[in-house]
Amino acid sequence: NMTPDEYANQRANDLRAKEYYDMIALNEGVKSKVYKDSKGNRTIGIGFNLEDANNKKILKKEGIDINELLKGRELNKKEIKVLYNHSLIQAFNDANKFDKNFAKRPEPVKKAIVDMSFNLGLTKLNKFKKMREGLEANDYSTAADEMVDSEWYNQVKSRGPRTVGLMRSAAR
């Protein structure tokens, strides 16, 4: 049995998890069959890159045969969620590495950084040096401007304005 406080915390965490899922599912799309992403990488689920060596290990650990997927097997909802959860944990870990003050940021800023991290990975996210400088100065407007002034912004279509909007909302 949970105390009222524990129950409230659990509900808040569940709501936060749903907000992240909804945001990333909207931005990445949810596909049960293998498709090629904008860079030509074979991908499945919610942006789960099948070319990534670490992701191949995750598939093996979860008992999902990559060869079956490549032959057309569809993921079920549970499998999509399991792979998404692995990717989300990685995105949060990368966000913390990218921004040393990540944990103290306003929630919309955290969401923007996690969304970019989910999409780009740490190596590409680390190229956003001026965005990081804006974050270090707690200047979310500059951070947002630097997001707009990038190749990423032009590639991600409607995702860019949504993610930038999260960053800008903390500047007000």
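The values are calculated or read from the model by the stated rules, or taken from the named source; none is laboratory data. Since the structure is predicted, the reported quantities are computational estimates derived from the model, not experimental observations. Virtual Cβ from ideal backbone geometry, glycine too; neighbours counted across all protein chains shown. Note: areas computed on protein heavy atoms with side chains; ligands, DNA, RNA excluded. Shrake-Rupley method; radii C 1.70, N 1.55, O 1.52, S 1.80 Å.
Tabulated results
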| read-out | value |
| --- | --- |
| Failed item, numbered, when Asp115 is tested on (1) without any contact (Cβ under 8 Å) to a residue 40 or more places away in the chain; (2) over 15 Å from Lys31 (Cβ atoms); (3) among the acidic types (Asp, Glu) | (1) |
| Residue ID - surrounded by the fewest Cβ atoms within 10 Å (Cβ to Cβ), chosen from residues in the range 16-56 that are part of a helix (DSSP H, G or I) and hydroxyl-bearing (Ser, Thr, Tyr) | Tyr21 |
| Any helices (runs of 4 or more DSSP H) falling wholly within the range 62-172 and containing at least 3 residues that are open to solvent by less than 10 Å² (accessible area, probe 1.4 Å) | 77-98, 107-125, 129-136, 140-148, 159-169 |
| Residue check for Val30: in contact with a strand residue (DSSP E or B) (Cβ under 9 Å, 6 or more places away or on another chain), among the hydrophobic types (A, V, I, L, M, F, W, C), touching a residue at least 40 places away in the same chain (Cβ under 8 Å) and within 28 Å of Glu151 (Cα to Cα) | yes |
